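The values are calculated or read from the model by the stated rules, or taken from the named source; none is laboratory data. Fair warning: this is a prediction, and the values are worked out from it, not measured in the lab. We place every Cβ from the backbone using ideal geometry, glycine too, and count neighbours over all the protein chains shown. Keep in mind that these areas ignore ligands, DNA and RNA; they rest on the heavy atoms of the full protein, side chains included. Shrake-Rupley method; radii C 1.70, N 1.55, O 1.52, S 1.80 Å.
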Amino acid sequence: MIQRKLGVVFLLICSLSVPAASQARGAEPASVHETLDYSVIKKDLAVFQGVVDTTVRQNFQGPFPILGSTKGTYLPEYGAVFNLEVNLYEIRVISPFDLKPHTEKELNDAYSSMMKRIETLKENLIKVMGEHGPSLKQLKPDDNLAVVVHLFNVENEARHPCPSQIILRAKKSILSGYRENKFSLEELAKKIEITQF
């Protein structure tokens, strides 16, 4: 009889402690993840990746303007992040058939052209983010959309300062505002946070 009562008390304690334990382990965030449709996220990421790749290839000439395809990922409680590596540095190739070193003018011209291409790339990506960012349907208004550009850099040889990364970031709510014509592309450019180093 005493053992039966102790068993009932033990089961009662266990049943009361399970909900508390699940709350302590973060049951609430798990319910947030359950509302996400990851198959939709994957499709949306793939579409945005394709748009970025196409934009870079169409706007920059040369044999390898983009080195590999853009890769996107979804980070819970942050948003979507896309990475790509581009080559914006164009200069005469030194080969066994032409061993003449680059002149100072060639190096300066190539550097100047690259810096102009960097500005053009940022303008193009701002437009892509504004026009296609809101299509990432699973992102909440406060989630971020970030595009991280890695610059293939041979310019160190020319002793000119050049960023190796450019990061463009904005909340989805800002991108949706542009898509809904609440402000212009110029205003969107001011609202997107750009970091380069």
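If you go through the range 66-73 one residue at a time, do you hit one that is within 21 Å of Val148 (Cα to Cα), modelled with pLDDT under 90 and small (Gly, Ala, Ser)? Yes. Only residues that are open to solvent by 20 Å² or more (accessible area, probe 1.4 Å) and more than 27 Å from Glu90 (Cα to Cα) were counted in the range 118-133, giving 2.
Only one of these is assigned to a helix (DSSP H, G or I) and crowded, with 19+ Cβ neighbours inside 10 Å: Leu175, Leu168. Name it. One residue alone meets the criteria, Leu175.
Table: residues versus (1) at pLDDT below 95; (2) open to solvent by 60 Å² or more (accessible area, probe 1.4 Å); (3) part of a helix (DSSP H, G or I).
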{"site": "Val18", "(1), (2), (3)": "yes, yes, yes"}
{"site": "Glu28", "(1), (2), (3)": "yes, yes, yes"}
{"site": "Ser31", "(1), (2), (3)": "yes, no, yes"}
{"site": "Val51", "(1), (2), (3)": "no, no, yes"}
{"site": "Phe64", "(1), (2), (3)": "yes, yes, no"}
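Within the range 52-76, the set of residues being within 26 Å of Asp142 (Cβ to Cβ), of a type outside the set (Ser, Thr, Tyr) and in contact with a helix residue (DSSP H, G or I) (Cβ under 8 Å, 6 or more places away or on another chain) comprises Val52, Lys71, Gly72, Pro76. Of all residue pairs spaced 6 or more apart or on separate chains, those with beta-carbon atoms under 6 Å, a first member in the range 122-137 that is farther than 14 Å from Ile194 by Cβ and a second member that is among the basic types (Lys, Arg) are Pro134/Arg179. Selection over the range 74-97 of residues that are more than 18 Å from Ile166 (Cβ to Cβ), open to solvent by 40 Å² or more (accessible area, probe 1.4 Å) and at pLDDT 80 or above gives a count of 6.
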